[in-house]
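Right, one structure below, let's go through it.
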Amino acid sequence: MQTLEKNITNKISFLKIEHQNYLLEIIDKIIQEELAEQKKFVESIKEPLYEEKSSYNADDILAIVNKFPKDKLWTFEDLDNELIFPNDLMVKIEILDYKIYIMPNPTPFHQEIVTNISAHLSIFVRQNKLGTTYIAPVSVRINKKSNVEPDIVFVVKKDVEQITNKGIYTAPALVVEVISPANYKALREKKKLDYANLGVLEYWEVYPTKQQIKIDTLSEDENGKPIYTLFSSATKKGIVKSNVLEGFELDLENVF
């Protein structure tokens, strides 16, 4: 379903705008009908699809996902359904265009980088009373068909009230993604586009192997569409600066 929708969307992009909108409405109607049918199946579930355990790993979650048809359209509501997934789940799961991605456990080096960056960000944010920072796994809801879990999230003080135990229901001001083999380019670019459309003001990409940090800020292209443009970058040595957190600087020697 996801591949079909993407292929159709690519093909109709050459049509007139009014024809594009008409066909996209038809596609959306088909998807909504499919979601309605799948919702009936989900509502028929009366017992948890998993065995109660003290903790769960990626294989446990994959076993749950495999109980459903391969073409199931996954939504945020599915992740929130305690009959499908345990509520104390500590496995990173993302949904992009209704497709589910179960991330393997991060490497110690990956987690070391996340910890180092988060520590410096958190101290700066707390000292200046700017808002709150979070580290994965914490859900950021993009829309009904996409739900992501950045490695680090910063939410400004005025938006903190829109955070619940279920996740973040507002656009974070800043997200950090530490790039791993599981975060392959196509998926990464799709997430980056979703962040831009959601209104995330600053996007960090951290490359462990290259020891590089790239910081992009949200802007617009000539057609008014949201895009990210490079604001600060460093590799192996040097300092990167944040535009959102004015005055914040991070020395790469304190990260890698």
Exercise for review: Could you please give the count of residues in segment 236-256 that are surrounded by 13 or more Cβ atoms within 10 Å (Cβ to Cβ) and among the charged types (D, E, K, R)?
Suggested key: 1
**Study point:** Residue count, segment 105-127 (criterion: touching a residue at least 60 places away in the same chain (Cβ under 8 Å) and farther than 19 Å from residue 91 by Cβ)
**Key:** 8
Point to revise | Residue match in segment 170-180 (condition: surrounded by fewer than 16 Cβ atoms within 10 Å (Cβ to Cβ) and either over 17 Å from the mean Cα position of the chain (by Cα) or not assigned by TED's automatic domain parsing to the domain that holds residue 96 (or both)) | key: no
Check your understanding: Taking segment 129-145 on its own, how many of its residues are more than 17 Å from residue 157 (Cα to Cα), assigned to a loop (DSSP other than H, G, I, E, B) and either in contact (Cβ under 8 Å) with a residue 60 or more places away in the chain or in contact with a Ser or Thr (Cβ under 7 Å, 6 or more places away or on another chain) (or both)?
Key -> 3
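The values are calculated or read from the model by the stated rules, or taken from the named source; none is laboratory data. The structure presented is a predicted model; accordingly, all values stated were derived computationally and were not measured. Note that each Cβ is placed from the backbone with ideal geometry, even for glycine, and that neighbours are counted across all protein chains shown.
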